[in-house]
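Visitor: Sharing a structure, written as structure tokens. Questions coming.
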Amino acid sequence: MKIIVKNSKLEAAKYAARLLAEELKAKPDAVFGLATGRTMEPLYAELCAIAESENLDFSRARSFNLDEYAGLPGSDVNSYRAYMQMHLFDHVNFKETNLPDGVAPDAEAEAKRYDDAIKAAGLDVQLLGIGNNGHIGFNEPETAFDSRTRHVKLTEATIEQNQGLFPKPEDMPRYAFTMGIGTIMEAKKIILVATGSAKTGILAEAVLKPASEHVPASVLQNHADVVIVADKEAAAAIPAEYITEA
Ligand code: F6R
């Protein structure tokens, strides 16, 4: 596991965006696993800027997002589909972009369809944020490390973390679709980005304590190619000897 620490949120976003841009240059038909959330906004802004200034061509690349709220159609402004269109997909020319269908009539069948499609495509690189409770995707604490894509109930901690993003907090869905931890771990490379002081304690737990289902992100200790990109605030509780580059 490499841990890269940058001075600011923006510097961390720029570093991670550069990793994605280089991945595309090395493999124009790469399959990207993508994430949403506040951490990713400056990262996607930077990736769009690099795409424009360096003429990045995504026309052979595909993407699969980690998760989507259940009950929201992609046309809903609060859906992760809408987030992705706004922050990335409307600005770069991906061949194909995929998210779970939040309003699929049969949730179990939709989860299986999505998991099968990811498996068939093979993720080259998976981008992750980390929840205040250590979740990755919407894999909440105590999720099995070999879990697959499925329909899940969100925890109170996650509802609290995200409901401020809804005009009426009570409108935040209580269920979602998420790639499983086992699904995520099959990506060839994983990039986790953590910024801000709300992530300091949980990032240290994920990295320093033995991997445990109590902290889903700690599973990354078991993956052969992980880069954690953090700002100084998020990395504040990680001792210097664990840091690859500061
Ligand atoms: C988003 C996702 C979540 C977020 C995490 C951090 O697709 O899967 O796991 O990455 O909740 O969210 P922010 O960046 O808003 O702190």
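Visitor: For A82, state whether it is open to solvent by less than 30 Å² (accessible area, probe 1.4 Å), out of contact with any Phe, Trp or Tyr (no Cβ under 8 Å at 6 or more places or on another chain) and without any contact (Cβ under 8 Å) to a residue 12 or more places away in the chain.
Guide: Yes, satisfied.
Visitor: Here is a follow-up. Is it true that A111 is on the phi < 0 side of the Ramachandran plot, of a type outside the set (D, E) and away from the ligand (no atom under 16 Å from the Cβ)?
Guide: Working: on the phi < 0 side of the Ramachandran plot: yes; of a type outside the set (D, E): yes; away from the ligand (no atom under 16 Å from the Cβ): no.
Considered against the rule, which asks whether it is on the phi < 0 side of the Ramachandran plot, of a type outside the set (D, E) and away from the ligand (no atom under 16 Å from the Cβ), A111 comes out as no.
Visitor: Mind telling me which of the residues A16, A26, A45, A49 ends up being open to solvent by less than 30 Å² (accessible area, probe 1.4 Å) and either at pLDDT below 95 or not hydroxyl-bearing (S, T, Y) (or both)?
Guide: A16
Visitor: Further question: Got a number for residues in region 164-182 being under 18 Å from T36 (Cα atoms) and under 18 Å from the mean Cα position of the chain (by Cα)?
Guide: Selection size over region 164-182: 8.
Visitor: Next up: Against the condition outside any loop (DSSP other than H, G, I, E, B) and either modelled with pLDDT under 95 or not small (G, A, S) (or both), how does I238 come out, does it pass?
Guide: No.
Visitor: Quick check on A176: is it within 12 Å of the ligand (Cβ to nearest atom), touching a Leu at 6+ places or on another chain (Cβ under 7 Å), among the aliphatic types (A, V, I, L, M) and open to solvent by less than 10 Å² (accessible area, probe 1.4 Å)?
Guide: It is true that A176 is within 12 Å of the ligand (Cβ to nearest atom), touching a Leu at 6+ places or on another chain (Cβ under 7 Å), among the aliphatic types (A, V, I, L, M) and open to solvent by less than 10 Å² (accessible area, probe 1.4 Å).
Visitor: If we scan region 86-97, do we find a residue that is of a type outside the set (K, R), in contact (Cβ under 8 Å) with a residue 24 or more places away in the chain, crowded, with 22+ Cβ neighbours inside 10 Å and touching a strand residue (DSSP E or B) at 6+ places or on another chain (Cβ under 9 Å)?
Guide: Yes, region 86-97 contains a residue that is of a type outside the set (K, R), in contact (Cβ under 8 Å) with a residue 24 or more places away in the chain, crowded, with 22+ Cβ neighbours inside 10 Å and touching a strand residue (DSSP E or B) at 6+ places or on another chain (Cβ under 9 Å).
Visitor: Also, I was wondering about something else. Has region 107-128 got any residue that is out of contact with any Gly (no Cβ under 9 Å at 6 or more places or on another chain), surrounded by 23 or more Cβ atoms within 10 Å (Cβ to Cβ) and closer than 22 Å to L43 by Cβ?
Guide: no
Visitor: Do we find a residue being away from the ligand (no atom under 13 Å from the Cβ), within 30 Å of L24 (Cα to Cα) and in contact (Cβ under 8 Å) with a residue 12 or more places away in the chain anywhere in region 191-200?
Guide: No, the conditions are met nowhere in region 191-200.
Visitor: Taking E213, is it more than 15 Å from the ligand (Cβ to nearest atom) and in a loop (DSSP other than H, G, I, E, B)? Walk me through how you get there before you give the answer.
Guide: On the way: more than 15 Å from the ligand (Cβ to nearest atom): yes; in a loop (DSSP other than H, G, I, E, B): yes.
In short, yes.
Visitor: Quick check on my filter: what residues within region 149-171 are buried (at least 20 other Cβ atoms within 10 Å of the Cβ) and more than 28 Å from E11 (Cα to Cα)?
Guide: T149, R150, V152, L154
Table: residues versus (1) in contact with a Ser or Thr (Cβ under 9 Å, 6 or more places away or on another chain); (2) free of Cβ contacts under 8 Å to residues at least 24 places away in the same chain; (3) open to solvent by less than 20 Å² (accessible area, probe 1.4 Å); (4) within 12 Å of the ligand (Cβ to nearest atom).
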site: F58; (1), (2), (3), (4): no, no, yes, no
site: R62; (1), (2), (3), (4): yes, no, no, no
site: N78; (1), (2), (3), (4): no, no, no, no
site: D101; (1), (2), (3), (4): no, no, no, no
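Visitor: What number of residues within region 153-196 are touching an Asp or Glu at 6+ places or on another chain (Cβ under 8 Å) and β-branched (V, I, T)?
Guide: 7
Visitor: Considering only residues that are without any contact (Cβ under 8 Å) to a residue 24 or more places away in the chain, part of a loop (DSSP other than H, G, I, E, B) and within 13 Å of the ligand (Cβ to nearest atom), which ones fall in region 133-171?
Guide: Correct list: L154, T155.
Visitor: Scan region 183-205 for residues that are assigned to a helix (DSSP H, G or I), farther than 18 Å from R38 by Cβ and hydrophobic (A, V, I, L, M, F, W, C) and jot them down.
Guide: I184, M185, A204
The values are calculated or read from the model by the stated rules, or taken from the named source; none is laboratory data. Given the structure is predicted, the values throughout are model-derived calculations rather than measurements. Neighbour counts are summed over all protein chains in view; Cβ atoms, including those assigned to glycine, are modelled from backbone coordinates with ideal geometry. Just so you know, the surface numbers come from the protein's heavy atoms only, side chains and all, with ligands and any DNA or RNA stripped out. Shrake-Rupley method; radii C 1.70, N 1.55, O 1.52, S 1.80 Å.
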